[in-house]
């Protein structure tokens, strides 16, 4: 048996793992912002949200599965009154925490508390390099609140936190400015892909990058291997050399999502019944859902390249993102809607917007929300 | 290779069909061990007086260079180190 079976790791990952590598756990659907591209259509707390005791039991299960870190999000996770209790429990059990926040609750006091906690990474979201661009997506006051949170972390000596940006048609021209903001606070930049999921379905047509911008972004990322992407732009690898990462749709294979009520979905971008594998409250818990659910079993079976089979770039892009295809009404075994070779655009013209699938749960606030503390 | 080696105290291994995942809680990096024999070798390092002795005990002579390379790579990412 050879010691290094290079190149085969991606194939092994397709078959699934004992436990996920990248587990996202959304603690709550409650959010004090109402971003127009929110993947989880967050706003109102779900009354069926996991209790503190249930959440702690789930953390214990993650520890038993040797899930080394969990990506915590929401909603806005910091609005949960037991937020620190839960992250302390994670850390005590050896489950590192990477959490995403809009920063509105990240006061000086909380920044100091986070700086004193080992194994916690913080990711602050902005979607524009200035208030005008950012607030058009995330709401009035949200840019200033995020910058204040960054200042608080910086002054508390937190160290290298992350600044997370969803790439849009409006903010790709600001990409160098994002890098400058990150440098100012000693932060690491993380860029991710816009998905037509949740409220993002309603805004994707206006927000998603142009083909020229995708090429620009690809080159920019190739030149900066230190910029994090959560492996989210693997569809761009069809442009040439592969980007850093596994270049694989990890849904149900290495990735999954646990939502605030304990439902387990194939990935954070498909909160929809078609991609729901089970619930952590059922017998056998998360472990059984991950290892035995019909949905995850089927996602680990060899998939057909379908309409992409004749394309020479399929090996590079793997047909792109399942969620992006699903929510734009495209077949899952065909091109990504943002296929860099243009196959997605032509496929999209045959799907009327009215025939795109309905979104799953909607926790959007019924009244307009204001940002602030 | 002549020194006593072992798993870094801040590293945890999770067995997988292809080998194992190694997570370093200090550097927060995930490293893949891409074969079961390599995992066995890494786990056994602590029981031997030197990395070379651990290799002698498990690895076929012909495959020795590839295991030395793999250990060197794991040492660079601080998954293993001198005890």
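Is it fair to say residue A:215 is touching a helix residue (DSSP H, G or I) at 6+ places or on another chain (Cβ under 7 Å) and in a loop (DSSP other than H, G, I, E, B)? So residue A:215 fails the test. Regarding residue A:191, is this residue within 15 Å of the chain's Cα centre (by Cα), within 26 Å of residue A:129 (Cα to Cα), at pLDDT 95 or above and in a strand (DSSP E or B)? In short, yes.
Search region A:222-246 for residues being in a helix (DSSP H, G or I) and surrounded by 18 or more Cβ atoms within 10 Å (Cβ to Cβ), and hand back the single one that is nearest to the chain's Cα centre (by Cα).
Going through the qualifying residues, I end up with A:234.
If I filter region A:145-157 for residues that are over 23 Å from residue A:113 (Cβ atoms) and at pLDDT 95 or above, do I get at least one hit?
To start, the set of residues in region A:145-157 that are over 23 Å from residue A:113 (Cβ atoms) comprises none.
No - not one qualifying residue is present in region A:145-157.
Output the residues belonging to region A:184-197 that are at negative phi and either surrounded by fewer than 16 Cβ atoms within 10 Å (Cβ to Cβ) or in contact with a strand residue (DSSP E or B) (Cβ under 6 Å, 6 or more places away or on another chain) (or both).
Going through region A:184-197, the residues at negative phi turn out to be A:184-185, A:187-197.
A:184, A:187, A:188, A:189, A:190, A:191, A:192, A:194, listed by residue number.
Is it true that some residue in region B:18-30 is touching a residue at least 60 places away in the same chain (Cβ under 8 Å) and in contact with a helix residue (DSSP H, G or I) (Cβ under 9 Å, 6 or more places away or on another chain)? Outline the logic, then answer.
Step one: of region B:18-30, the residues touching a residue at least 60 places away in the same chain (Cβ under 8 Å) are none.
No.
Scanning region B:1-14 for residues that are more than 7 Å from every other protein chain (Cβ to nearest Cβ) and farther than 17 Å from residue B:67 by Cα, which turns out surrounded by the fewest Cβ atoms within 10 Å (Cβ to Cβ)?
B:9
Of all the listed residues (A:261, A:289, A:340), the sole one being at pLDDT 95 or above and outside any loop (DSSP other than H, G, I, E, B) is A:289.
The criterion of at least 2 residues that are within 14 Å of another protein chain (Cβ to nearest Cβ) is met, among helices (runs of 4 or more DSSP H) falling completely within region A:46-116, by A:52-64, A:83-92.
Residue B:70 - would you say it is assigned to a helix (DSSP H, G or I), in contact with a helix residue (DSSP H, G or I) (Cβ under 6 Å, 6 or more places away or on another chain), more than 12 Å from chain A (Cβ to nearest Cβ) and on the phi < 0 side of the Ramachandran plot? It would help to see each step written out before you state the result.
Numbers: assigned to a helix (DSSP H, G or I): yes; in contact with a helix residue (DSSP H, G or I) (Cβ under 6 Å, 6 or more places away or on another chain): yes; more than 12 Å from chain A (Cβ to nearest Cβ): no; on the phi < 0 side of the Ramachandran plot: yes.
Against the criterion (assigned to a helix (DSSP H, G or I), in contact with a helix residue (DSSP H, G or I) (Cβ under 6 Å, 6 or more places away or on another chain), more than 12 Å from chain A (Cβ to nearest Cβ) and on the phi < 0 side of the Ramachandran plot), residue B:70 does not qualify.
Considering A:179, A:160, which residue is in contact with a strand residue (DSSP E or B) (Cβ under 9 Å, 6 or more places away or on another chain), part of a helix (DSSP H, G or I) and either over 17 Å from residue A:76 (Cβ atoms) or at pLDDT 95 or above (or both)?
Numbers: A:160 fails: part of a helix (DSSP H, G or I).
Of A:179, A:160, the one residue that is in contact with a strand residue (DSSP E or B) (Cβ under 9 Å, 6 or more places away or on another chain), part of a helix (DSSP H, G or I) and either over 17 Å from residue A:76 (Cβ atoms) or at pLDDT 95 or above (or both) is A:179.
Let's see how each residue does on (1) surrounded by fewer than 22 Cβ atoms within 10 Å (Cβ to Cβ); (2) free of Cβ contacts under 8 Å to residues at least 12 places away in the same chain; (3) farther than 23 Å from residue A:212 by Cβ:
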position	(1), (2), (3)
A:142	no, no, yes
A:158	no, no, yes
A:162	yes, no, yes
A:168	no, no, no
A:177	yes, no, no
A:182	yes, no, yes
A:199	yes, no, yes
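Has region A:122-131 got any residue that is crowded, with 17+ Cβ neighbours inside 10 Å and in a helix (DSSP H, G or I)? Within region A:122-131, one or more residues are crowded, with 17+ Cβ neighbours inside 10 Å and in a helix (DSSP H, G or I). Selection over region B:35-60 of residues that are more than 15 Å from residue B:2 (Cβ to Cβ), within 14 Å of another protein chain (Cβ to nearest Cβ) and assigned to a helix (DSSP H, G or I) gives a count of 8. In this structure, does residue B:18 turn out to be within 11 Å of another protein chain (Cβ to nearest Cβ), within 11 Å of the chain's Cα centre (by Cα) and at pLDDT below 95? No.
Screening region A:99-121 for residues that are within 19 Å of the chain's Cα centre (by Cα) and in contact (Cβ under 8 Å) with a residue 40 or more places away in the chain and picking the one that is farthest from residue A:29 (Cα to Cα) gives A:121.
Can you find, within region A:18-31, the residue that is farthest from residue B:15 (Cα to Cα) among those that are within 14 Å of chain B (Cβ to nearest Cβ) and in contact with a helix residue (DSSP H, G or I) (Cβ under 9 Å, 6 or more places away or on another chain)? Please lay out each step first, then the result.
Filtering region A:18-31 for residues within 14 Å of chain B (Cβ to nearest Cβ) gives A:18-23.
Then drop every residue that is not in contact with a helix residue (DSSP H, G or I) (Cβ under 9 Å, 6 or more places away or on another chain), which leaves A:18-21, A:23.
Values: A:18: 8, A:19: 10, A:20: 12, A:21: 12, A:23: 17 Å.
The selected residue is A:23.
If you go through region B:25-34 and pick out every residue that is within 10 Å of chain A (Cβ to nearest Cβ) and either under 14 Å from residue B:70 (Cβ atoms) or at pLDDT 95 or above (or both), you end up with 3.
The values are calculated or read from the model by the stated rules, or taken from the named source; none is laboratory data. Keep in mind that what you see is a predicted model, and the values were worked out from it rather than measured. FYI the Cβ positions are ideal-geometry reconstructions off the backbone, even for glycines, and counts take in every protein chain you see.
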